[in-house]
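Before any comments, here is the structure.
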Amino acid sequence: MKEKGNNKMQDNLYDITIIGGGPVGMFAGFYAGLRNLKVQLIESLPELGGQLNAIYPEKTILDVAGFTGVTGKQLVEKLADQLATMSVDVKAGQAVEGLEKDADSFLIKTNQSTTRSKTVLIATGGGSFEPRKLAVPEIEQFEKQNVVYSIQNLADFKGQTVIVAGGGNSAVDNALLLESVAKQVYLIHRRSEFRGMEHMVDTLNQSTVKLVTPYLIKKISAQDDQVLVTAKKMRTTDDTIDILADKILVNYGFISSNKVSKGWELDLDESHHMFNVDTEMATSVPGVYAVGDSATYEGKDTLIATGFGEVPLAINQIAKRLYPDRHEPIHSTSIKR
Ligand SMILES: Cc1cc2nc3c(=O)[nH]c(=O)nc-3n(C[C@H](O)[C@H](O)[C@H](O)COP(=O)(O)OP(=O)(O)OC[C@H]3O[C@@H](n4cnc5c(N)ncnc54)[C@H](O)[C@@H]3O)c2cc1C
């Protein structure tokens, strides 16, 4: 019995546990497989893909190498295809709640299982995230049907009158994206200027999107299947405008939380809720590394391309730490020579 138990524990011992299955965690899973490491990838959401899948699946990403443009959904599909070429234990729908040092390994506790791992790679992004809500009375009764926080399927907006609320990159990008399918798009923003990329703001100004600025949505009321939206002009008392719409897309940003990982006793950048790492992507705890939006250092940009670049640094250090006698990685051109 005892021996069986020990074997079971050995089965549960991974070289590396990747916490977080966003784009960076997914690429890390593939790369760890490439280095022949025994790897598990744990993701709290039911599906992999992180922010790309949950927040902006239909947005076109322009700044990932090798693509002139790729939607969030398409990039996640490509990453999933790449990940599937390696033997990686993917566990979606399980949040890592506990991370404890145990003699020569770590105990990884999720809401469903406990496993052991020689090293840990944190790729939790900004932690769990949820959209900043539209602050109007009884908002809950409109959510899902008329009020949404992301474009999950562009076709759902076909022929509709859509109000986009917000003034940042996402609001501008989404208003332009919706213009291609909607009957009419309104963009309501409390300031007169938009904070999107300059090129996108120029495109917006030449588009058919009706700009309603500086206004803020104050009230929504049901009108059959539609909603009557009342927005008030900023710094006035009774200058309001009413728009009848099928949907409101709220792009007020996201509130992220890494409450869980605060208990992991790692050196956190308190202001950004990120983990401080060195040039090898190592955190303050030996054997624990961090990449992607969850890792920070001087000059860090929280971009997909940055996170992808950090992955080989971390995984190759982990491989060296676990198997110092193995060859250092050589790239494909060296192999061909
Ligand atoms: C609207 C918007 C548009 C953007 N556009 C671009 C763009 O055009 N180009 C660009 O480069 N970047 C863009 N970004 C930023 C980009 O999405 C992030 O840099 C990228 O998602 C970071 O990837 P990641 O894997 O590090 O983290 P995330 O994508 O945040 O993934 C982290 C994953 O970890 C999971 N997780 C968290 N805690 C736990 C836990 N305890 N246990 C298990 N799993 C956990 C989360 O559920 C999540 O799936 C955009 C971001 C937003 C919000």
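We did not get these values from a lab; they are worked out from the coordinates using the rules stated. None of the values given here were measured: they were computed from a predicted structure. Cβ sites come from the backbone with ideal geometry, for glycine too, and all protein chains shown count toward neighbours.
Points to keep in mind about this one:
- Pairwise label distance in nanometres, residue 102 with residue 306, each label 7 Å out on the Cα-Cβ vector: 3.5 nm
- Most tightly packed first, judged by the mean number of other beta-carbon atoms within 10 Å of their residues, the peptides 30-36, 119-125 read 119-125, 30-36.
- Dipole magnitude (debye, nearest 20) for the chain, charges at Cβ of Lys, Arg, Asp, Glu: 280 debye
- Percent of beta bridges antiparallel (DSSP, the chain, rounded to nearest 5): 50 percent
- Cα gyration tensor shape of the stretch 133-252, rounded if a/c is under 1.5, else prolate or oblate by comparing a/b with b/c: oblate
- Ratio of Rg to Rh over the stretch 1-123 (Cα coordinates, Kirkwood Rh, two decimals): 1.04
- The stretch 133-252, dipole about Cα centre (Lys/Arg Cβ +1, Asp/Glu Cβ -1), debye to the nearest 20: 280 debye
- Note on the stretch 133-252: lysine pairs with Cα distance below 19 Å, sequence gap of 8 or more or different chains, count 25.
- Each residue of the chain gets 177 Å³ once the volume of the Cα convex hull is shared out per residue.
- Candidates 178, 214, 165 compared by Cα position along the dipole of the stretch 133-252: farthest toward the positive end lies 214, with charges placed on Cβ.
- Rounded tilt (10° steps) of 169-179 against the dominant C-alpha axis of the chain: 60 degrees
- Between residue 12 and residue 139, the FRET efficiency from the beta-carbon distance, with R0 = 35 Å, is close to 0.20.
- Ranked packing of 130-138, 71-79, most packed first, by mean Cβ within 10 Å: 71-79, 130-138
- For peptides 168-177, 81-90, sequence by mean Cβ density within 10 Å, most packed first: 168-177, 81-90
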